[in-house]
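Notes to accompany the following structure.
The values are calculated or read from the model by the stated rules, or taken from the named source; none is laboratory data. Being a predicted model, the structure only gives us computed values, none of them experimental. When we count neighbours, we look across all protein chains shown, and the Cβ atoms used for this are built from the backbone with ideal geometry, even at glycine.
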Amino acid sequence: MNASVEPIDGDGGDSADDPKGRQRSTIGFPYTDFDAAASVARSIHDHVGHGTCSASAQLASWMGVSSKSSGFRTNLAAARLFGLIESDNAEAYRLTTLGTQLADPQQSRMAKAEAFLRVPLFKALYEKYKTGVTPPNAALEREIASLGVAEKQKARARQVFESSAQQTGFREHGPSRLVMPAVVMKPETQAVSEQGKGGGGGGNNSAGTVVNLDLDPLLIALLQKIPPQSEAWPAEKRLRWFRTFAMNVSQVYDDDAEPVEMDIGLVQAV
């Protein structure tokens, strides 16, 4: 998903054509970390659930800040970039599906990981360093700049990246490693599976039954995100799911010395 950096009180609003000679970042990244973005989603969920709210008349008040403050606007932009909220206009905001999953204790861990990878800069850094270790700060900032972050913003981008990686579970295996967080399977999955077998104990399962597959819990959780046949599954969302699934299959099965890279994309039907 491509995203541009939103100008926020002078941050990121510069371009190569600016008469002052300032530079605009060409890759999306938030100006504040994941926890700050999640606080926006949490405020919406706590007050209107899946409903819509006004940014200035309601959301800012719920969060105890001024709607004109740069901090509020920064958090709002970050929540959008992490994929937690969406809007039809500049005022009306609501949670995305990912935002609602974040509020669910059984889905929040996966939602955090997916939100982290929604950020173009963070996804690029994860793809580059997922099979090794991240370099020291100075080298990492050079890499961040090479990916498209403005020179004057590279230190801030690195700091937000590091805190967000920690908050979403990607640094659980060490401060220099980026590892996809493992997701614990929902506790009721086993019970549903046993109920679906029926009294005969045969191998056939009725429609809608959760099969107790001997797979990594992360892959099980992803399979459970596939919508039922009665619901639409748009191509863009389907593509994102397949890419996420392939990435996690590699995380579970690949040898670090010989990672498997897969190119998944849409092909125009003839």
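Of all residues in segment 41-56, those satisfying the criterion of being farther than 12 Å from THR96 by Cα and not in a helix (DSSP H, G or I) are CYS53, SER54.
Identify, please: which residue in segment 28-48 is of a type in the set (S, T, N, Q) and more than 11 Å from LEU81 (Cβ to Cβ) and is, among those, surrounded by the most Cβ atoms within 10 Å (Cβ to Cβ)?
Step one: list which residues in segment 28-48 are of a type in the set (S, T, N, Q), which gives 32, 39, 43.
Restricting the remaining residues to those that are more than 11 Å from LEU81 (Cβ to Cβ) gives 39, 43.
Working: SER39: 15, SER43: 22.
Checked segment 28-48; the qualifying residue surrounded by the most Cβ atoms within 10 Å (Cβ to Cβ) is SER43.
Can you pull out every residue in segment 121-142 that is under 16 Å from VAL160 (Cβ atoms) and either out of contact with any Ser or Thr (no Cβ under 9 Å at 6 or more places or on another chain) or surrounded by fewer than 16 Cβ atoms within 10 Å (Cβ to Cβ) (or both)?
Initially, segment 121-142 is screened for residues under 16 Å from VAL160 (Cβ atoms), giving 121-126, 134, 137, 140-141.
LYS123, ALA124, TYR126, ASN137, GLU141 - these are the residues of segment 121-142 that are under 16 Å from VAL160 (Cβ atoms) and either out of contact with any Ser or Thr (no Cβ under 9 Å at 6 or more places or on another chain) or surrounded by fewer than 16 Cβ atoms within 10 Å (Cβ to Cβ) (or both).
Within segment 67-84, not a single residue is over 29 Å from GLY265 (Cβ atoms), basic (Lys, Arg) and at pLDDT below 80.
Matching residues to (1) at pLDDT 95 or above; (2) more than 23 Å from GLN224 (Cβ to Cβ); (3) in contact with a Gly (Cβ under 8 Å, 6 or more places away or on another chain):
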| position | (1), (2), (3) |
| --- | --- |
| GLY21 | no, yes, no |
| THR26 | no, yes, yes |
| PRO30 | yes, yes, no |
| VAL40 | yes, yes, no |
| SER56 | no, yes, no |
| VAL65 | no, yes, yes |
| GLU91 | no, yes, no |
| ASP104 | no, no, no |
| LEU125 | yes, yes, no |
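Would you point out the residue of segment 149-159, among those that are of a type outside the set (Gly, Ala, Ser) and either in a helix (DSSP H, G or I) or within 19 Å of the chain's Cα centre (by Cα) (or both), that is nearest to THR134 (Cα to Cα)? Can you show your working first?
So the first thing to find is which residues in segment 149-159 are of a type outside the set (Gly, Ala, Ser), and the list is 149, 151-154, 156, 158-159.
Of the ones still in play, those that are also either in a helix (DSSP H, G or I) or within 19 Å of the chain's Cα centre (by Cα) (or both) are 151-154, 156, 158-159.
Details: GLU151: 19, LYS152: 21, GLN153: 19, LYS154: 15, ARG156: 17, ARG158: 11, GLN159: 14 Å.
Restricting to residues being of a type outside the set (Gly, Ala, Ser) and either in a helix (DSSP H, G or I) or within 19 Å of the chain's Cα centre (by Cα) (or both), the top hit is ARG158.
The listed residues are LEU76, LEU98, LEU59, and the only one of them that is touching a strand residue (DSSP E or B) at 6+ places or on another chain (Cβ under 6 Å), of a type in the set (A, V, I, L, M), not in a loop (DSSP other than H, G, I, E, B) and not assigned by TED's automatic domain parsing to the domain that holds VAL160 turns out to be LEU59.
Checking each residue in segment 160-177 for being under 19 Å from the mean Cα position of the chain (by Cα) and either touching a residue at least 40 places away in the same chain (Cβ under 8 Å) or on the phi > 0 side of the Ramachandran plot (or both) picks out VAL160, PHE161, SER163, SER164, ALA165, GLN167, THR168, GLY169, PHE170, ARG177.
Could you list all residues from segment 149-168 that are out of contact with any helix residue (DSSP H, G or I) (no Cβ under 8 Å at 6 or more places or on another chain) and not aliphatic (A, V, I, L, M)? I'd like the intermediate steps shown before the answer.
Applying the first criterion (out of contact with any helix residue (DSSP H, G or I) (no Cβ under 8 Å at 6 or more places or on another chain)) to segment 149-168 yields 150, 152-153, 156, 159-160, 162, 166.
Within segment 149-168, LYS152, GLN153, ARG156, GLN159, GLU162, GLN166 meet the criteria.
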